[in-house]
Amino acid sequence: MKKTVYIFGHKNPDTDSAVAATAYARLKELQGYSEYKAARAGHFNPQTDYIYRRFKVPFPKYLPELSPKVAYYMKDDCITVEETCSTWFSINKLNETNRRAIPVVDKDGRYKSLLHYSAFAQNLLTVLNPEKKINITTSVFSIIKTMNAQPLVTVNEKEVFKAGILVGGATDENFEKMLKEHASENTIVITSDREKIYELCIKQKVKLLIITTGFVLKKELKELAEKNKVNVIMSPYDTSATVMMIAYSTPVIHMADSEIPAVHPEDTIAKVRKLIQNSPIRRLPVVDAEKKVIGMISEHDLTNEPNVQLVLVDHNEKTQAVDGFEHYKIQEVIDHHRLGTFGTTYPITFINKPVGSTATLITGLYQEAKIPIPKDIASLLLCGILSDTLILQSATTTDTDRETAEYLSNITDLDIQALGKDILQAGSSIKGRNATQIIHQDMKEYNEDKGNFTVSQIEVSSLEEVLARKEELMQELEIERRGNKALFSSLLVTDITQLSSILIIACDSKFAPFITFPKVEPNVYFLKDVVSRKKQLIPLISEQVENYEK
C-alpha cells in the first residue's frame with residue numbers, strides 16, 4: 001500500500017496537541033504531500049470536542065495503538081481472476097504478471113480460493129491420472145475459449161458440467177460399444193478424420209463432439225447435430241493436445257487451493273505470521289469486511305519497512321507517545337516541552353522551542369513556508385494557543401505566543417478574550433464525567449531516575465465540585481498508581497478564575513514525606529499561582545522525586 005505518515009499528538013490529546021496534528025497535516029497537504037494524515041490515540045476531552053465541532057473541522061483519525069498490522073506491510077497491487085475463468089486463462093495471467101499466486105474471486109470480487117502452481121499441478125495430475133477415468137468439470141464455452149476452437153453447433157454453451165472424455169481412436173465397432181457404456185453420462189468425444197464416429201456420436205447425443213486437426217463435418221451431419229442438440233466444435237490442435245487443453249478449460253475454482261485462508265488489513269502481524277508460514281507459498285490474500293480481495297501479504301513483505309511513518313507533535317517522551325510507535329520510523333518531532341527519553345538511531349527533523357503552545361510553532365511553519373492559513377485551521381490554532389496558555393495568562397506564555405495569537409485573530413476575526421472564555425468554559429465542567437474520564441482526559445506519564453509518576457490536569461471555574469468528589473478521584477488515582485507501579489499518580493486541578501491550582505495525589509507512603517507543597521487536607525495540596533504543568537509543576541515535583549530516599 002502507499003506510504004502514510006500519521007501525525008500524532010500525545011496519547012491523551014488535549015486541545016493544543018490535537019490542533020497541532022490537524023494543522024500540520026493540512027500544511028503538508030497544501031505543500032502537495034497527500035500521504036500526511038492527522039491522527040489521535042485517545043478520545044477528545046469536552047473542550048477539544050467543542051472546538052472541532054464549532055469550527056466544523058473533521059476529527060483526526062482515531063488510532064488507539066499502532067501494533068504492526070497487515071495493512072502496514074501488504075501490497076495492494078493485487079490481480080484477481082473470477083472463479084468461472086478457465087484454468088488456461090488464469091495460468092497465463094500468472095505467467096504474464098510474474099506472480100506466484102492469484103486470488104480467485106466470485107463475480108462480486110469476494111475471495112474464494114488461491115491459484116498457485118503447486119495447487120494447479122496437484123489438481124491437474126488428479127484429473128489426468130492415467131489409472132483412473134478422466135472426468136473434467138468444464139463448459140462448452142470455456143473449451144472453445146481455451147483452445148480457440150471453431151464452433152459449428154452450440155447449445156447451452158455456458159452450462160458447467162462434469163464430463164467423461166472418450167478418444168475416438170478405436171475401430172468403429174469397438175467405439176460404438178464404448179459409447180453405449182457411457183450413454184448415461186455427459187460425454188465429450190475427441191476424434192479426427194472419423195466420419196462414422198461423428199455419426200455415432202451425434203445419434204447417441206453426446207454432450208460435445210470435438211473434431212481435431214481441422215477436419216470438417218458434412219452438412220447433413222451438422223443438421224442432425226442441431227436437431228439432436230449436440231455441440232460440435234473444431235479444434236486447431238491434434239487429438240493429444242486437445243485432451244490437455246480440455247483439462248485447462250476447467251473453471252479455475254476447481255484447480256485452485258481453497259484451504260488457504262484470507263486475512264484482514266486490521267489483523268496484527270503477530271496473529272498472521274504463523275498463517276503465512278503454514279501457507280504452501282508463504283503468502284495470503286487480504287480481504288476487507290465484505291470479503292473482497294484488496295491485496296496480498298507475503299513472508300518477504302514482513303522483512304520490509306512498514307508503509308507507515310510518524311510525525312510527533314506536542315510531545316517527545318516515549319511514555320506519552322501512541323502505543324506501538326517504536327515499530328515505525330519517526331520523521332519529525334515538533335514540541336515545546338522539556339526533552340524527555342526520546343531517541344532515534346537516524347537523523348530526524350526536531351523542532352523544540354520554549355513557547356506556550358505547539359500551535360504557535362505550527363503557525364510559524366505556515367509563515368516560513370509562505371502558505372496562507374485556511375480560516376478553519378487558523379481558528380483551531382488560535383484555540384490551541386489560548387487553551388495551553390489560559391488565554392495568554394499562563395507563566396509559559398511568551399511574546400511569540402501573544403504575537404501569534406494576534407495574527408490568527410486578524411485572520412479569523414475572532415476576539416481573543418471572548419473565544420478564550422468560550423473554550424475554557426467548554427472544558428471546565430466535570431459534571432457528567434466519571435473519575436476515569438477525568439483522570440485520563442489529559443494524563444501524562446513521566447520517568448525519573450528514582451521512579452515514574454503520572455500527572456493529569458483539568459481546568460475548572462470552581463474547586464468545590466472537584467473537592468466534593470475527592471474520594472472518587474483518589475480511588476481512580478490509586479488504581480492508576482498501582483497499575484503503573486508508580487511513586488504517585490496525581491491530578492492538577494487549575495482554577496481558571498483564580499489562576500491557582502490544587503494537587504490531589506495518591507502516592508506511596510514512603511514518598512509522602514517528600515512532598516513539600518502546602519497541604520490543605522489529606523492528599524490535597526495548594527499551589528498558589530501554579531497553572532502550568534509543564535513549566536511550573538513538573539520542575540518542582542521532579543525536584544521532590546530527586547530528593548526521595550527509599
Value of relative contact order over the stretch 409-528, rounded to a whole percent, pairs C-alpha under 8 Å and six or more apart: 20 percent
Local electrostatic count, Asp413, Cβ distance below 15 Å [Lys/Arg +1, Asp/Glu -1]: -2
DSSP-assigned coil residues among GluC sites (Glu not before Pro) in the stretch 30-119, each with at most 16 further Cβ atoms within 10 Å: Glu35
Sparse-neighbour loop sites [GluC sites (Glu not before Pro); the stretch 143-205; at most 14 other C-beta within 10 Å; DSSP]: Glu159
Cα-derived Rg over Rh, computed across the chain with Rh taken as Kirkwood radius: 1.26
Cα-only Debye scattering, the stretch 397-457: base-10 log of I(q)/I(0) at q = 0.16, 0.19, 0.30 Å⁻¹: -0.79, -0.87, -1.16
Evaluated at q = 0.16, 0.22, 0.27 Å⁻¹: base-10 log I(q)/I(0), Debye formula over Cα of the stretch 209-262: -0.63, -0.87, -1.03
The stretch 268-409 - Kirkwood radius from inverse mean 1/r over Cα pairs (Å): 18.4 Å
Global size of the stretch 31-102 as Cα Rg and Dmax, reported in angstrom: 21.6, 62
Antiparallel %, DSSP beta bridges [both residues in the chain], to 5: 50 percent
Under 22 Å from Lys421, Cα to Cα: lysines that are on another chain or at least 8 residues apart: Lys56, Lys375, Lys431, Lys528, Lys534
Relative contact order (%) - the stretch 282-364, alpha-carbon pairs under 8 angstrom, separation at least six: 22 percent
Thr97 paired with Asn447, simple spin-label distance in nm, labels 7 Å along Cα-to-beta-carbon: 4.5 nm
Under Karplus coefficients 6.51, -1.76 and 1.60, residue-wise ³J(HN,Hα) of the stretch 360-365 in Hz, glycine/proline x: 4, 5, 5, 4, x, 5
Per residue value of the accessible surface for the stretch 359-465 (all protein chains in place, 1.4 Å probe), Å²: 40 Å²
Portion, in percent, of the accessible area of the stretch 304-426 that falls on carbon or sulfur, probe 1.4 Å: 49 percent
Pair-distance profile P(r), taking every C-alpha pair of the stretch 396-538, with 5 angstrom steps and integer %: 2, 9, 18, 21, 19, 13, 9, 6, 4, 1, 0
In nm, spacing of pseudo-spin labels at Lys370 and Glu173 (7 Å Cα→C-beta vector): 10.1 nm
Between helix 470-484 and the chain: long-axis angle, C-alpha atoms, 0 to 90°, nearest 10: 60 degrees
Distance between modelled label sites at Gln277 and Glu478, nm, 7 Å Cα→Cβ extension: 4.5 nm
Kirkwood hydrodynamic radius over Cα pairs of the stretch 128-277, then Stokes diffusion coefficient at 10 °C and 1.306 mPa s, in µm²/s: 94 µm²/s
Segment Thr344-Lys421, extension gain: residue separation times 0.36 nm, minus the distance between their alpha carbons: 23.7 nm
Per-selection Kirkwood Rh - the stretch 144-229 (Cα, Å, 1 d.p.): 13.2 Å
Accessible surface, per residue, of the stretch 137-236 when the full set of protein chains is kept, probe 1.4 Å, Å²: 51 Å²
Computed FRET value (nearest 0.05) for Lys75 with Val520, which takes r as the C-beta separation and R₀ as 56 Å: 0.35
Amide N of the stretch 152-176 lying under 18 Å from the label point, which is placed 7 angstrom from the Cα of Thr137 along Cα→Cβ: 158-165
Mean ellipticity per residue at 222 nm, deg cm²/dmol - from DSSP H runs of n ≥ 4 across the chain, formula -39500 (n - 2.57): -10500 deg cm²/dmol
Cα-based helix-to-principal-axis angle, 219-228 vs the chain, degrees rounded to 10: 60 degrees
In Å², nearest 10: area of Met178 left accessible to a 1.4 Å probe: 60 Å²
Accessible carbon and sulfur surface of the stretch 25-119 relative to its total accessible area, %, 1.4 Å: 48 percent
Trypsin sites (Lys or Arg not before Pro) restricted to DSSP loop in the stretch 319-383 with at most 14 other C-beta within 10 Å: Lys370
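The values are calculated or read from the model by the stated rules, or taken from the named source; none is laboratory data. On a predicted model such as this, the values are computed, not experimentally measured, just so you know. Note that we place each Cβ from the backbone using ideal geometry, even for glycine, and neighbour counts take in every protein chain shown. Side chains included, ligands, DNA and RNA excluded: accessible areas come from the protein's heavy atoms. Shrake-Rupley method; radii C 1.70, N 1.55, O 1.52, S 1.80 Å.
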